[in-house]
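The next block holds one structure in the form of structure tokens; read it before the comments.
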Amino acid sequence: PAVFDADRLARAVQEIEPFEKKVEDFLRTQEDGRLFIAKAGAITFTTHLVAQSRYLREFSAAPAVLGLCRDLIGPDVRLYWDQAVYKKPGNPDEFPFHQDNGYTYLEPQQYLTCWVALTDADEENGCPWVAPGLHRHGTLAHELTQLGWRCAAPMARAVPICVRAGDIAVFSSLTPHRTGPNLTDAVRKT
């Protein structure tokens, strides 16, 4: 069963939408509609939502999420980063294979990424793909591309993680992962 029910997801999306709209509006004022890896009409990254919304702060600290984190990393759990990612309809761009720790290197290198599906995510709308086993090699070399940081090493045996709205995909910050293009007519929200 999903960790979050439809009502809680709807409320989370309702809380996120005004902040995401500000990000989208801002991107439209930028040259080429871009700021680093965010692109108007294609993909937005709305950050630090738990600092702006009491509901989203409580949502991120739901008992099931805290329990999952404690089971995997122990009792000393803290939220390092939060963001909503909206992959817009018809976005043909793939977000390249990367490690979260490749964007913001931290010690200890390994932490959890909890990818909460606010809408269903599958291969058609850009679900995550992971490269199993490579997390054991620490932070890999990355190269900067127009679409973001990309692991320099080839990613063999990647598998898709299709999730339903309310599910959480959990993996190491050192697990190389990517999201495919959104070829549907709906926004994929995480």
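The values are calculated or read from the model by the stated rules, or taken from the named source; none is laboratory data. Bear in mind that the values here come from a model prediction, so they are computed numbers and not experimental data. All Cβ positions, even for glycine, are placed from backbone atoms using ideal geometry, and neighbour counts span all protein chains on display. Ligands, DNA and RNA are stripped out before the accessible areas are found, and what is left, the full protein with its side chains, is counted by its heavy atoms. Shrake-Rupley method; radii C 1.70, N 1.55, O 1.52, S 1.80 Å.
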Near pairs, Cβ below 9 angstrom, 6+ apart or cross-chain, from segment 170-190 (of a type in the set (Asp, Glu)) to any residue that is open to solvent by 20 Å² or more (accessible area, probe 1.4 Å): 185/89; 185/90
Every residue from segment 44-94 that is free of Cβ contacts under 8 Å to residues at least 60 places away in the same chain and among the hydroxyl-bearing types (Ser, Thr, Tyr): 44, 46, 47, 53, 55, 60, 80
Extreme residue, farthest from residue 185 (Cα to Cα), among residues of segment 141-152 that are within 19 Å of the chain's Cα centre (by Cα) and of a type outside the set (Val, Ile, Thr): 142
Residues that are surrounded by 19 or more Cβ atoms within 10 Å (Cβ to Cβ) and assigned to a loop (DSSP other than H, G, I, E, B), drawn from segment 168-186: 173, 174, 175, 176, 180
Subset of segment 157-187 (residues that are more than 19 Å from residue 60 (Cα to Cα) and of a type in the set (Lys, Arg)): 157, 178
Single match in 141, 165 (criterion: in contact (Cβ under 8 Å) with a residue 60 or more places away in the chain and either open to solvent by less than 50 Å² (accessible area, probe 1.4 Å) or not polar (S, T, N, Q) (or both)): 165
Residue 20 vs. criteria over 20 Å from residue 187 (Cβ atoms) and modelled with pLDDT of 95 or more: no
